[in-house]
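First up is the structure itself, then whatever we jot down about it.
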Amino acid sequence: MGELEDAVMTRVWKWNRPVTVREVLEDLQQERSIAYTTVMTVLDNLHQKGWVRREAEGRAYRYEAVSTRAAYAAALMNDAWSQSDNPAAALVAFFGMMSDEQRRALRDAVRIVQGPETPEPPATDTAVDTSRENPGSASDGGGR
């Protein structure tokens, strides 16, 4: 999505309701000089790309986001990750760029996706930890 498309979509997402070209135009004009036809073309392009749906209202359209900004961000991340020749390295690099706040958000998201923690089943007689039974075994580094 280009810079102007993003500026338009930001308003559509923020308002979270069907919007007209005129509404978007008037809001954008507070930041930049822009023509009605430019905003109309951008919204038409966003419609063609599937980011907004539109419904006729008189001689104009009302545009509404098809998905959320979060879904758009997720699609971008997924697309970038899937293009990597080493997805694990890409994730490590991405995590390294994150702030502490972003890492906390990531941990929260993983907890949500994984669902409630299920406790580990209690040990049974058939599952015996043999590493403690033989102090001289190589597995505990005791090597006598």
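The values are calculated or read from the model by the stated rules, or taken from the named source; none is laboratory data. From a predicted model like this one, the values you see are computed outputs, not experimental measurements. Quick note on the areas: whole protein, heavy atoms, side chains included, nothing else; ligands and nucleic acids left out. Shrake-Rupley method; radii C 1.70, N 1.55, O 1.52, S 1.80 Å.
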Using a 1.4 Å probe on heavy atoms of the protein chains only, the accessible area for Ser33 in Å², nearest 10, reads 120 Å²
With the convex hull built on the alpha-carbon atoms of segment 34-80, volume per residue in Å³ sits at 88 Å³
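Between Rg and the Kirkwood Rh of segment 1-116, both from Cα atoms, what is the Rg to Rh ratio? Mind showing how you got there, number by number?
Working: Rg = 17.9 Å, Rh = 16.5 Å.
Ratio of gyration radius to Kirkwood radius: 1.08.
Remind me, relative contact order of segment 1-60 in percent, using alpha carbon pairs under 8 angstrom and six or more residues apart? Intermediate values should be presented prior to the final figure.
On the way: 30 pairs, mean separation 19.0, N = 60.
Relative contact order here is 32 percent.
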Calc'd 3J(HN,Hα), segment 13-18, phi into Karplus 6.51 cos²θ - 1.76 cosθ + 1.60 (θ = phi - 60°), Hz, glycine/Pro = x, comes to 5, 5, 6, 6, 7, x
Probe 1.4 Å, all chains present, heavy atoms only: Met1 accessible area in Å², nearest 10, is 80 Å²
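Want the number for Thr10 to Leu106: 0.36 nm per residue separation, take away the alpha-carbon distance, what's left? Display every interim value, and only then the final one.
Working: separation 96, 0.36 × 96 = 34.56 nm, distance 2.31 nm.
So the chain would gain 32.3 nm between Thr10 and Leu106.
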